[in-house]
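Following: one structure in structure tokens, then a few remarks.
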Amino acid sequence: MSPALIRPQRFGSAWLKRYRPVAAPRLRLICLPYAGGTAGAFHGWANRLPADVELVAVQYPGRQDRFQEPCVEEMAPLADRIAEALAPLLDRPFALFGHSMGAAVGYEVTLRLEARYRARPQHLFVSGHGSPLLPRGHTDVHLRDEDSMLEWFGELGAMDPAVLADRELRPLVVPSLRADLRLIETYRPAEHRPVNSPVTSYVGDADPSVEPADAAAWRELTSGEFSFRVFPGGHFYLSDQETELLADITERLGGAPA
């Protein structure tokens, strides 16, 4: 039996950040951060998207203005809460973009939006993450001591070396990082459940954690159209390739660059 249709409720949530509100957007692009990341990672995108596209960035608990809240360490409750927070925004067409852990979160959120709200994203963009159906390349980083965990994370280029070296700053970043790593390292899809939305997978050609073939395997998780693109760069290729990446996203969403 299909799940009962859930009606969107009034918008207002600590989960969502809008850096350039648009009065009547043609489309909303919802962005989901990587492990240890914040909504602010997408702040610069807001003014580089077409004027009629509103960027909405998800803020996970346990960081920045939500520092006092407990982190979420399991995928299901995180995806549930994000889907609930997005419900009031489903009055407009929307798409999702997730990088690294955010790609898997975006997939799970899309499943919930399609099943519970009958809302199909115009597009799901997954970046820097292999198909969740494949075995993970690492499962123990969240169990390592602080120095080893941060060293591993630093090798991906995900953190300012100054933060890694400053032990006074570590209490601000380590709890959310460890919680996010636990979430993604223990996550396994309950079953093979394709989304109905078109999916585009992006990856860096020198990403030490994701093989291009693994990123291309997302094609198994959509019943819609699938596309795949490799950019020059490592796990955080999107920093150096931001202009090209946003141009590609914009084109696939049917808009003109800002």
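Bear in mind that the values in this text are calculations on the coordinates, not laboratory data. Owing to the predicted nature of the structure, the values given are computational and were not obtained by experimental measurement. Neighbour counts run over all protein chains shown; Cβ positions are idealised from the backbone, glycine included.
General remarks:
- Anisotropy class of the stretch 11-119 from Cα gyration tensor, a/c 1.5 cut: oblate
- Distance between the stretch 44-110 and the stretch 112-155 - C-alpha centres, whole angstrom: 13 Å
- Phe231 long-range amide H proximity, modeled H, under 5 Å: Val203, Gly204, Asp205
- Compared with the dominant principal axis of the Cα atoms in the chain, helix 101-116 is inclined by about 30°.
- Computed E for Arg193/His138 - FRET, C-beta separation, R0 30 angstrom, nearest 0.05: 0.80
- Modelled spin-label separation between Ala14 and Asp166, with each label point placed 7 Å from Cα along the Cα-to-Cβ direction: 2.4 nm.
- DSSP-assigned coil residues among chymotrypsin sites (Phe, Trp or Tyr not before Pro) in the stretch 37-103, each with at most 15 further Cβ atoms within 10 Å: Phe67
- Contour minus Cα-Cα distance for Trp152 and Val230 (0.36 nm per residue): 25.7 nm
- Loop-located GluC sites (Glu not before Pro) in the stretch 24-129, at most 14 other Cβ atoms within 10 Å (DSSP): Glu74
- Exposure proxy ranking, count of Cβ atoms within 10 Å, fewest first, for Cys71, Cys31: Cys71, Cys31
- Note on Gln122 and His43: with the Förster distance fixed at 30 Å, the Cβ-Cβ geometry gives a FRET efficiency of about 0.85.
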